[in-house]
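Read the structure below first, then the notes.
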Amino acid sequence: MPQHVQGVIAPGRNEPVRVETIVIPDPGPGEAVVKIQACGVCHTDLHYKQGAINDDFPFLLGHEAAGIVESVGEGVTDVTPGDFVILNWRAVCGTCRACLRGRPWYCFATHNAQQRMTLLDGTELSPALGIGAFAEKTLVAAGQCTKVDPAVAPEVAGLLGCGVMAGIGAAINTGNVGRGDTVAVIGCGGVGDAAIVGSRLAGAARIIAVDIDDRKLETATTMGATHTVNSRSTDAVEAIRELTGGFGADVVIEAVGRPETYRQAFYARDLAGTVVLVGVPTPEMQLELPLLDVFGRGGALKSSWYGDCLPSRDFPMLIDLHQQGRIDLAAFVTETIGLGEVEKAFARMHEGDVLRSVVVL
């Protein structure tokens with residue numbers, strides 16, 4: 001029998017979000033209903049609200065979540081009711097050309113629930129990143145549920161569902177940061193700070209945090225940055241080169257998603273170095289670089305999809321590292337809020353006042 005729950009929707013472009021009654025259908029084949037315990041307020045949710053992703057309004061927002069599997073549909077065997085799970089937005093198919101080549105983190109046919117959640121009047125909702133977790137319960141593809149140790153706090157575990165995984169993975173999986181490397185991270189929000197954590201975990205010798213906000217740079221230092229650069233008052237490229245013996249960093253991670261910061265990343269890397277774009281640009285943005293410089297500087301220009309993670313491999317591993325005290329996922333949680341405070345959380349995010357606001361249900 002369909003259930004009625006409370007959830008946060010974005011009704012139209014740049015309109016304030018609001019709490020509405022959401023209709024959750026029973027799970028069909030390959031689907032699961034998850035009772036949400038916590039969900040982080042991610043910048044991607046703000047992009048959805050602003051219409052920067054697409055215009056399939058209304059959206060059911062929220063995607064950085066953890067909770068308990070309540071029920072599953074026919075054919076689901078990987079999770080069962082009662083399992084504590086982190087939701088992921090790249091449920092691998094297992095049969096596409098990437099999966100068959102042994103590269104499931106590149107899966108080209110990730111899937112979501114087939115049924116649609118709706119408003120009471122039958123209006124179909126578009127769940128953010130196929131999840132829609134600013135709600136008491138949500139319907140997802142069972143493959144979007146990754147079991148982890150239930151001993152970890154939901155507000156901490158859920159962060160791996162997007163931002164923290166994207167940043168750590170950008171460093172470890174995409175950037176292949178290694179022992180003794182120099183790394184620069186441009187943009188020190190939640191994803192950038194996670195890239196700093198990942199770089200430290202990988203053994204980087206020097207980690208340079210770049211931002212225009214001294215508060216964020218101070219936080220970046222607590223996350224493991226060895227040097228900071230305020231690019232509002234200092235040329236970021238020159239500063240990074242000065243801190244790396246005039247050469248540039250081995251890996252530069254761009255966690256903003258803007259052409260001007262990408263150019264900084266491109267010119268701040270060493271010859272044969274790597275640029276990793278993990279910040280999400282908007283559709284109208286364009287990048288222009290001299291093709292001779294692209295050739296002459298060598299190395300690699302990479303985009304990081306979800307930190308090139310494989311949830312079944314990476315989520316449990318990172319939870320274990322957190323429980324061992326080797327990474328502090330709780331440091332990313334600035335505040336916990338209720339469903340009715342999401343609009344205020346967006347404002348605080350815009351002002352740079354929080355690393356992560358987390359909705360707790």
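A single member of Ala205, Ala109 is of a type in the set (Gly, Ala, Ser) and either modelled with pLDDT of 95 or more or closer than 28 Å to Ala268 by Cβ (or both), and it is Ala205. Condition check: within 25 Å of Val164 (Cα to Cα), in a helix (DSSP H, G or I) and at pLDDT below 95. Does Thr44 satisfy that? In short, yes. Taken across the range 193-215, residues that are over 24 Å from the mean Cα position of the chain (by Cα), of a type outside the set (Phe, Trp, Tyr) and part of a loop (DSSP other than H, G, I, E, B) do occur, with at least one present. Ala225 meets each of the listed conditions (1) assigned to a loop (DSSP other than H, G, I, E, B); (2) free of Cβ contacts under 8 Å to residues at least 60 places away in the same chain; (3) surrounded by fewer than 24 Cβ atoms within 10 Å (Cβ to Cβ) apart from (3). With respect to being modelled with pLDDT of 95 or more, open to solvent by 20 Å² or more (accessible area, probe 1.4 Å), in contact with an Asp or Glu (Cβ under 9 Å, 6 or more places away or on another chain) and outside any helix (DSSP H, G or I), Gly122 falls outside the description.
With respect to (1) in a strand (DSSP E or B); (2) open to solvent by less than 40 Å² (accessible area, probe 1.4 Å); (3) closer than 19 Å to Gly307 by Cβ; (4) touching a residue at least 40 places away in the same chain (Cβ under 8 Å), the lone exception for Asp250 is condition (2). The residue of the range 295-312 that is nearest to the chain's Cα centre (by Cα), among those that are open to solvent by 30 Å² or more (accessible area, probe 1.4 Å) and among the hydroxyl-bearing types (Ser, Thr, Tyr), is Ser303.
The values are calculated or read from the model by the stated rules, or taken from the named source; none is laboratory data. Only a predicted model underlies this, so the values are computations on that prediction, with no experimental measurement involved. All Cβ positions, even for glycine, are placed from backbone atoms using ideal geometry, and neighbour counts span all protein chains on display. The area values use the complete protein model at the heavy-atom level, side chains included, leaving out ligands, DNA and RNA. Shrake-Rupley method; radii C 1.70, N 1.55, O 1.52, S 1.80 Å.
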